[in-house]
Amino acid sequence: MNRSQVKAITFSVVIPTFRRLDALKDCLNGIKRMDEQPVQIVIVYRPIEDTETARWIDNESTRQPNWSLVPIGVPGQVAALNAGVGAATGDVVVVLDDDAVPRPDWISKILAHFENPLVGAAGGRDLMHIGGECITKPELSKVGHRDFWGNIIGQHHLVVGSAREVEVVKGCNWAIRRSAIGTLRFDERLPGHGAQPSNDYWYCLNLRRMGWKIILDPTAIVDHYPGWKPDYRADKWSYLKCRDWTASNSASRLAFASWHLKARYVLYSIFVGHRHCPGLFFLLHSLVRRPRSLFDQLAGGWTGFFIGWHLSKEFGLRPPGFAHAPPNRNLRLNPSSIDKREGLRNGGQTC
């Protein structure tokens, strides 16, 4: 497939939104400035709980012929994603958070990776803007993979370098080949209130399990302005937040894991752990840094761990649908075909 054919690929943009109208407007303006335009913009919203956004969308949609409005009454990002992806008609389904603003060349860089028929999904770097500051340091070269202990190395907002194959891209800015989806859905069993943690990783893992490649391109950039989230109270170390984060992460990471990877994950959780689920190391860390929330971290985190452990067995036996297999599972992605494309080596872009 040559470059002119890549440009002929149609794409839909799916934007789930809830009570962040100003952010949604910025996202839509960013889409208008992209160097390639979607055949469809799918806006998923909750008109009963978010009347301000609903009124604006209803009024504005009369002037936007490529908008598809998908009102839903079910809370949660997973429900919104399933509704939006199900309504998309393009060859490629682009998913953007409402607080992410794509740069003009973001979409052309993402679509270029779908030249390879084995690429099922591709995503970019989200430059985080927090408190008026753009976070660009420290620069990282290896993200989107599981480490020896079974933990996902995240920090996609700090990644630099050329495009490469990974295990997971960040759900705030990515694209999925629609023909790869099959019956696969975002998993509504994932615990969480609002943005269920790890829904993007679990989806990517199911794509990869069928033989699809996932590409991360650090030069495909969106500006990410994470704001108020309606899913948890302000205390990010609450019992509920720690429970849901740990349950979703444990369930998705252990579902298809070998017994020895499960053993390493358990050992890491006991002796090191995470801020949301402290092991011995983070127990001492939290005693110093956040002693008032330590009980919620321990109780919520370890409750979530055992919930996730049991969920992982169900996930492994009953995945959330099945992706279609790639056209030729014996093909292998040629890294040189990625690296030699114009601009892909310019990975150190900043704000």
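The values are calculated or read from the model by the stated rules, or taken from the named source; none is laboratory data. Note that this is a predicted model, so its numbers are computed, not measured. Glycine gets a Cβ as well: all are built from the backbone with ideal geometry, and neighbour counts include every protein chain shown.
The condition (being over 30 Å from residue 163 (Cβ atoms) and either without any contact (Cβ under 8 Å) to a residue 40 or more places away in the chain or touching a strand residue (DSSP E or B) at 6+ places or on another chain (Cβ under 6 Å) (or both)) is satisfied by just one residue among 215, 270: 270.
Per the listing 150, 132, 144, the residue uniquely of a type outside the set (D, E, K, R), more than 18 Å from residue 215 (Cα to Cα) and crowded, with 18+ Cβ neighbours inside 10 Å is 150. Given 218, 197, which one is over 20 Å from residue 116 (Cα atoms) and either modelled with pLDDT under 95 or crowded, with 24+ Cβ neighbours inside 10 Å (or both)? On inspection, the qualifying residue turns out to be 197.
Sub-9 Å Cβ pairs linking a first residue in the range 145-164 that is over 27 Å from residue 258 (Cβ atoms) and hydroxyl-bearing (Ser, Thr, Tyr) to a second residue that is buried (at least 21 other Cβ atoms within 10 Å of the Cβ) and modelled with pLDDT of 95 or more, at least 6 apart or interchain, are 162/217; 162/218; 162/219, ordered by first then second residue. Is there a residue being in contact with a helix residue (DSSP H, G or I) (Cβ under 7 Å, 6 or more places away or on another chain) and within 27 Å of residue 101 (Cβ to Cβ) anywhere in the range 227-236? Yes, the range 227-236 contains a residue that is in contact with a helix residue (DSSP H, G or I) (Cβ under 7 Å, 6 or more places away or on another chain) and within 27 Å of residue 101 (Cβ to Cβ).
Exactly one condition in (1) within 24 Å of the chain's Cα centre (by Cα); (2) at pLDDT 95 or above; (3) closer than 18 Å to residue 196 by Cα; (4) not in a loop (DSSP other than H, G, I, E, B) is false for residue 241; which is it? In the conditions (1) within 24 Å of the chain's Cα centre (by Cα); (2) at pLDDT 95 or above; (3) closer than 18 Å to residue 196 by Cα; (4) not in a loop (DSSP other than H, G, I, E, B), residue 241 misses (2) alone.
Within the range 281-319, the residues that satisfy the criterion of being in contact with a helix residue (DSSP H, G or I) (Cβ under 9 Å, 6 or more places away or on another chain) and of a type in the set (Lys, Arg) are 290, 313.
Please find, among 153, 176, 221, the residue that is under 24 Å from residue 74 (Cα atoms), under 15 Å from the mean Cα position of the chain (by Cα) and of a type in the set (A, V, I, L, M, F, W, C).
Going through 153, 176, 221 in turn, just one is under 24 Å from residue 74 (Cα atoms), under 15 Å from the mean Cα position of the chain (by Cα) and of a type in the set (A, V, I, L, M, F, W, C): 176.
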